[in-house]
1. Looking only at the range 27-79, how many residues end up being among the small types (Gly, Ala, Ser) and under 15 Å from residue 128 (Cβ atoms)?
2. Please state which of the following conditions residue 199 fails to meet, knowing it meets all the rest: (1) assigned to a strand (DSSP E or B); (2) under 16 Å from residue 162 (Cα atoms); (3) out of contact with any Lys or Arg (no Cβ under 8 Å at 6 or more places or on another chain).
3. Provide a single number: the residues in the range 116-154 that are in contact with a Gly (Cβ under 7 Å, 6 or more places away or on another chain), within 14 Å of residue 307 (Cβ to Cβ) and assigned to a helix (DSSP H, G or I).
4. Check residue 60 against each of (1) more than 20 Å from the chain's Cα centre (by Cα); (2) without any contact (Cβ under 8 Å) to a residue 60 or more places away in the chain and name the one condition it does not meet.
5. Against the definition (among the hydroxyl-bearing types (Ser, Thr, Tyr) and in contact with a strand residue (DSSP E or B) (Cβ under 6 Å, 6 or more places away or on another chain)), how does residue 121 come out, yes or no?
6. Only one of 76, 83 is in a strand (DSSP E or B) and over 15 Å from the mean Cα position of the chain (by Cα). Can you tell me which?
7. Among the residues of the range 14-57, which ones are touching a residue at least 40 places away in the same chain (Cβ under 8 Å) and farther than 22 Å from residue 337 by Cα?
8. Taking the range 242-266, which residues are outside any helix (DSSP H, G or I) and in contact (Cβ under 8 Å) with a residue 60 or more places away in the chain?
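The values are calculated or read from the model by the stated rules, or taken from the named source; none is laboratory data. Just so it is clear, the structure is predicted and the values come from calculations on it, not from any experiment. With ideal geometry, Cβ positions are generated from the backbone for all residues, glycine too; neighbour counts draw on all protein chains shown.
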Amino acid sequence: MGAASTPRGQMRAMLLERPGGPLRAARVAIPVPRPWELLLRVAACGVCRTDLHLVDGELAPHRSPLIPGHEVVAQVVSGGAAVRDFVPGERVGVAWLGGSCGHCDYCTSLAENLCDQARFTGYDLNGGYAEYMVADARYVFRLPERYDAVHAAPLLCAGLIGYRAYAMAGPVRRVGLYGFGAAAHILCQLARHQGRVVYAFTRPGDEQGQRFARALGAHWAGGSADSAPDPLDTAILFAPDGKLVPRALSAIRKGGSVICAGIHMSELPAFPYALLWGERILRSVANLTRADGEAFFRLAAEFPLRIHSTVFPLEQANEALAALRAGAIEGAAVLVP
């Protein structure tokens, strides 16, 4: 596959030039794929809380300026000379893991998500808040046909990270989800499909979010300070609030697990050892592997997930981020160029 059909000229993009500042709409050069890369025309890009952490300066910048976005559904335009497995016009998805070294102990033991040389889309590499992007062909996914671009985009991080956290919990029955946003609204459906009982914890007083959770199959929904009616086998934290960790530990049974699924969380408060005692487990999720994606997309192809997406034009990325920051998005926000 050659790059002869690579378009030249400029494209629209949203640039992060300094943490804490708004994204700036700009026209930049359309990137040219290197031998192992694909040039992609972006159809939709989900707006993830990780993007918000970057914009708000809670994650240290890795490059500037940066085009954020790592929940990308796109069409192949062209590719470098080393690309063999894709053809122009084919639909693919680009996720957070954009590359890894391939030879370290992590990469050779199915833990490429922990590679010290890993590169992340929309962080180390320019992402999908643009009309075009390039991506390493070895790290893109083929997506289930049942989802259009707007509804497939949230699967590429909210779905994948949620699935990795869920898989870590093992064959549990009672699952608590703290923070009922893009990831939890997907995971709730998957867990119910597999016969699990879901307990949803929203921001205190968020009755609309609690109704949304129950409509998607949650057995119980309440505020994050409330107590579930039953002890949980696992609690998965999507909300980046460290104060929720001891609350979640107090909600799980002995031998249960609390899994922190975000890339950033506020400081954890001190808590008594008694909350952890009883062989309770506290662990984090870091990134994802290509194997996670392949497993999750097989499930998503079999079971019709109801993805709730609020669409924003590309130039309204700041408005989408503000709505996410305010907790005003039901499900996921998605940019379309």
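1. At the first step, the residues of the range 27-79 found to be among the small types (Gly, Ala, Ser) are 29, 43-44, 46, 57, 60, 64, 69, 74, 78-79.
Now drop any that are not under 15 Å from residue 128 (Cβ atoms), which leaves 43-44, 46, 69, 74.
Qualifying residue count, the range 27-79: 5.
2. Of everything listed in (1) assigned to a strand (DSSP E or B); (2) under 16 Å from residue 162 (Cα atoms); (3) out of contact with any Lys or Arg (no Cβ under 8 Å at 6 or more places or on another chain), residue 199 misses just condition (3).
3. Qualifying residue count for the region: 3.
4. Exception for residue 60: condition (1).
5. Details: among the hydroxyl-bearing types (Ser, Thr, Tyr): yes; in contact with a strand residue (DSSP E or B) (Cβ under 6 Å, 6 or more places away or on another chain): yes.
Here the answer is yes, as residue 121 does meet what is asked.
6. Working: 83 fails: in a strand (DSSP E or B).
From the options 76, 83, the qualifying one is 76.
7. 18, 19, 34, 35, 36, 53, 56
8. Filtering the range 242-266 for residues outside any helix (DSSP H, G or I) gives 242-243, 252-266.
Once the filter is applied, which keeps residues that are outside any helix (DSSP H, G or I) and in contact (Cβ under 8 Å) with a residue 60 or more places away in the chain, the range 242-266 yields 252, 256, 257, 259, 261, 262, 263, 264.
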